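Following: one structure in structure tokens, then a few remarks.
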Amino acid sequence: MTSVAVTLAEWAAGLEPDREDLELAHRSLLDTAAVTLAAREHRVTRLAAAAGLPDGARWAVAGHVLDFDDLHMPSTTHVSVVCVPTALATGGGARAYLAAAGVMARLGTALGWRHYSAGWHATCTAGAPAAAAGAAAALGLPAERIAAAMALAVPAAGGVQRAFGTDAKSLQVGFAVEAGIRAARLAAAGAQADPTALDVWLGLVGGDPSAVDPSRPLKPAVPNGLAIKLYPCCYALQRPISALSGLAADPAAVRRIVLRTPEATVVPLIHHRPDSGLQGKFSLEYAAATALLDTYAGFGSFTDEAVRRNEARRLVGLVETKLDPGGDWLLDGELEAEVHTADGTVLRARQQYPPGSPARPPTPDQLAAKLADCVVGLDTDPGSWTWDNAATTLRRYLP
């Protein structure tokens, strides 16, 4: 059987994007550059710069620290925060991005839900080899060298979910990008590696090498599209925030909050009594609180001060979670919510697909509002960004 690395490398080397692919790449560029710039003053962004991380890694850290970047649902990977910085840092354009994104989506899907639910951070595990493939494509390397680059990135294909809610979550994504770009440059210089190292690694971390089947159609470049976030927090919170935000509940009158959802949908939500903005991004209980308290659960809802609000902590303590067994993705089944108030009223909501998901793509107005919110105070227009000038914009505004 042809190795996974060779199959994916041959696909990446021969990729000819169509109009649909290029439209997705352009949207991904705008969304990722915007959320990266939104984090320009973030403490972790500055730490990454002070530590001397190179451009691609630094941009990946900034692009992920607010948890506002897109997600590939079947692989549970944040594709663009790896693949946009990789392409920009290596002088690549839409094609290099799509090569990386397609490899990451397919490799992440081969890793599967079992890998993610075991506690791996699939954005990093799939991300390092994908960054290697995208950087190698940007450098114009042939398939044999792309496969070598992916194999050379295997030692960096790690990262765990215990990092969620800490500085390490975004930093380990930056490390994956840095390692992938380094692997591609080593491959360009002639470094040798056995491509089947990727197959061995894939099996060791619970994936299924046979899931990357060269006989299957390899179009579109990114199968199943990408989910765009409308709230700056873990994707597992997009649905509960969206559902509860639609309830006209007076927060002061709330006495009980009941949330029922499949257990798969809460796998990354490891902080039940958050005490920081980063922890709040991975807390189902805090999601319910901010959805009821705030007109819009935006950047201001996920600061340390916001998470520590007395009323937020009161509402967090009222949340009862009822988990139905099973599930194999973050939008499994439906979320059912009940909000009980002091006068005996019970408000109910249910939802499967939140706005921004592939099943409910963001409207042009929603995407424009998100981009504008990310660049408030900056003299730049997201509508003017292209693959040719975006790197210059990031270097101008990031420390």
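The values are calculated or read from the model by the stated rules, or taken from the named source; none is laboratory data. As the structure is a computational prediction, the values presented were derived from the model and not from experiment. Here the Cβ is made from the backbone with ideal geometry for all residues, glycine too, and neighbour counts use every protein chain on show. Accessible surface areas use protein heavy atoms only, side chains included; no ligands, DNA or RNA. Shrake-Rupley method; radii C 1.70, N 1.55, O 1.52, S 1.80 Å.
Condition check ((1) in contact (Cβ under 8 Å) with a residue 24 or more places away in the chain; (2) of a type in the set (G, A, S); (3) over 30 Å from L139 (Cα atoms); (4) in contact with a helix residue (DSSP H, G or I) (Cβ under 6 Å, 6 or more places away or on another chain)) across all residues:
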site	(1), (2), (3), (4)
E178	yes, no, no, yes
R185	yes, no, no, no
A193	yes, yes, no, yes
A197	yes, yes, no, yes
A221	yes, yes, no, yes
A227	yes, yes, no, no
Q238	yes, no, yes, no
A249	yes, yes, yes, yes
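From the set of residues in region 302-341 that are under 16 Å from H272 (Cα atoms) and outside any helix (DSSP H, G or I), which is most open to solvent (accessible area, probe 1.4 Å)? My answer is R308. For region 254-286, filtered to residues that are of a type in the set (S, T, N, Q) and open to solvent by less than 30 Å² (accessible area, probe 1.4 Å), the residue that is farthest from L371 (Cα to Cα) is T261. Counting only residues that are more than 20 Å from L278 (Cβ to Cβ) and either in a helix (DSSP H, G or I) or touching a Cys at 6+ places or on another chain (Cβ under 8 Å) (or both), region 57-105 holds 21 of them. Residues in region 201-237 that are of a type outside the set (A, V, I, L, M, F, W, C), more than 30 Å from H271 (Cβ to Cβ) and crowded, with 16+ Cβ neighbours inside 10 Å: 3 in all. Within the set A128, A148, A133, the sole residue that is among the small types (G, A, S), assigned to a helix (DSSP H, G or I), modelled with pLDDT of 95 or more and touching a Pro at 6+ places or on another chain (Cβ under 8 Å) turns out to be A148.
Applying the condition of being among the aliphatic types (A, V, I, L, M) and surrounded by fewer than 23 Cβ atoms within 10 Å (Cβ to Cβ) to region 242-253 and asking which residue is nearest to T341 (Cα to Cα) yields A253. Counting only residues that are crowded, with 23+ Cβ neighbours inside 10 Å and part of a helix (DSSP H, G or I), region 155-170 holds 3 of them. Which of the residues belonging to region 83-110 are of a type in the set (V, I, T) and either out of contact with any Ser or Thr (no Cβ under 8 Å at 6 or more places or on another chain) or buried (at least 24 other Cβ atoms within 10 Å of the Cβ) (or both)? Correct list: V84, T86, T90, V103.
Of the residues making up region 322-362, those that are of a type in the set (S, T, N, Q), out of contact with any Pro (no Cβ under 9 Å at 6 or more places or on another chain) and closer than 17 Å to L284 by Cα number 1.
None of I228, I241, I257 is within 23 Å of S301 (Cα to Cα), touching a strand residue (DSSP E or B) at 6+ places or on another chain (Cβ under 7 Å) and not acidic (D, E) except I257. For region 347-372, taking the residues that are closer than 19 Å to G333 by Cβ and of a type in the set (S, T, Y), the one that is surrounded by the most Cβ atoms within 10 Å (Cβ to Cβ) is identified as S357. Could we say that W113 is in contact with a strand residue (DSSP E or B) (Cβ under 7 Å, 6 or more places away or on another chain), more than 14 Å from A391 (Cα to Cα), of a type in the set (F, W, Y) and open to solvent by 10 Å² or more (accessible area, probe 1.4 Å) here? So W113 does not fit the description; no.
Mind checking whether some residue in region 204-218 is in a helix (DSSP H, G or I) and modelled with pLDDT of 95 or more? Yes, region 204-218 contains at least one residue that is in a helix (DSSP H, G or I) and modelled with pLDDT of 95 or more.
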